[in-house]
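Encoded as structure tokens, the structure appears first; notes follow it.
The values are calculated or read from the model by the stated rules, or taken from the named source; none is laboratory data. Since the structure is predicted, the reported quantities are computational estimates derived from the model, not experimental observations. Cβ placement follows ideal geometry from the backbone for every residue including glycine, while neighbour counts extend to all protein chains displayed. SASA here: full protein model, heavy atoms, side chains in, ligands and nucleic acids out. Shrake-Rupley method; radii C 1.70, N 1.55, O 1.52, S 1.80 Å.
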Amino acid sequence: MLFMSFSEKVFKKLFKRPKPLPQVDRSPKRIDRSTIVGRGKNWFYTFHNEWLGVRTTSFDGCQLSGYYRPSSDRTCRNMVILVHDYDESPAEMAAYARLMMRKVQCHCIITHMRGHGMSDGKNYTWGLMESVDLDTWFTFTKRRLGENCRIYLVARGAGATACLLAAQQQSFDDCVCGIIADSPMASLTDFLKATLPQSTKINPDWIIAQVRRLAQNKFGFDINRCDCAVHANSIKVPVLIFQGGEDDITPPSGAKEIYDNLRSRKRMVIVNNAKHTECYEKSQAMYEREVQKFIESCVVRLVKIGRL
């Protein structure tokens, strides 16, 4: 009974999102400006009126929210879509949005993932439904910028996993030109194996098996489908991976597995002294340089295939 009770708690913590969700995204009373992410959040809330609140409907009727910042150049056809990590707010991606705006003339969308921020959704599925939600934002982009737009995905943690899972689909939108994945989660199973031993002495394999059964019974999907490494060879767009060498949440071995399976243009950068999603913080100059080089390589590819 104790085992079943603990497994149920793990399941709820993984998939269930707290209610009610906030109706308004308010600025925190205190923001730590000593970090890059903190300075990004401060910039985001300082110029909050420049970001338009937008809503769209996903494939299952879920109402999704996002922040949209149009470019000063109305003829611009570049869109950067930013996806935050699990249990984060969209403001966590503001520093990355600011970086991309410095490197390329672009419009920006920071999404509220389902069950987060002001988006609807009672459950979070670790990339499965979230990867399909991205199609809604692609449609949103093409309605505003036209069918010949160019989309870049920038995400971290579980958000990066969602982007990589989306890119593995045969119907993945041709407008996407590149993916920047910071600390991607290779699989939900590996994530559980990395985090469960910290909270219990029960064999993680037993808990994972029970969580898998609960997900199958309640949601109708296998958690092994949250594995973005196995079918990474289906991804056709360029991918840039950042990985912290001291990341104990999404270990470097998972990112290496994704990288090894990729068959598209790829590059992986490991920041040895960085923990989970700390690559930008620990090595700012290198991070920005790698992003610049990646965008330039994407542009060269677009020229070669006649898209630019």
Task: Pairs with Cβ under 7 Å, 6+ apart, first in the range 25-43 and on the phi < 0 side of the Ramachandran plot, second part of a loop (DSSP other than H, G, I, E, B) - done: D25/G117; D25/M118; G38/I31; G38/D32; R39/R33; K41/I31; N42/I31; N42/R33
Task: Which numbered condition A94 fails, given (1) in a helix (DSSP H, G or I); (2) small (G, A, S); (3) open to solvent by 20 Å² or more (accessible area, probe 1.4 Å) - done: (3)
Task: Residue check for R267: surrounded by fewer than 17 Cβ atoms within 10 Å (Cβ to Cβ), under 18 Å from the mean Cα position of the chain (by Cα) and over 21 Å from S34 (Cα atoms) - done: yes
- [ ] Kindly establish whether S58 is touching a His at 6+ places or on another chain (Cβ under 7 Å) and modelled with pLDDT of 90 or more.
- [x] no
- [ ] Determine which member of the set G220, G159, G117 is touching an Asp or Glu at 6+ places or on another chain (Cβ under 7 Å), modelled with pLDDT under 90 and either closer than 27 Å to R26 by Cα or not polar (S, T, N, Q) (or both).
- [x] G117
- [ ] Please work out if Y86 is more than 30 Å from R213 (Cα to Cα) and surrounded by 13 or more Cβ atoms within 10 Å (Cβ to Cβ).
- [x] no
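With respect to C279, determine if the residue is of a type outside the set (A, V, I, L, M) and either touching a helix residue (DSSP H, G or I) at 6+ places or on another chain (Cβ under 9 Å) or open to solvent by 70 Å² or more (accessible area, probe 1.4 Å) (or both).
yes
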Open item on the list: Pull out all pairs, ordered by first then second residue, where Cβ-Cβ is under 7 Å, the residues are six or more apart or on different chains, the first lies in the range 47-76 and is over 28 Å from M129 (Cα atoms), and the second is in a loop (DSSP other than H, G, I, E, B).
Closed with: S71/Q105; S71/C106; D73/Q105; C76/Q105; C76/C106
- [ ] Please give the helices (runs of 4 or more DSSP H) falling wholly within the range 184-269 in which 3 or more residues are farther than 25 Å from E281 by Cβ and without any contact (Cβ under 8 Å) to a residue 12 or more places away in the chain.
- [x] 204-219
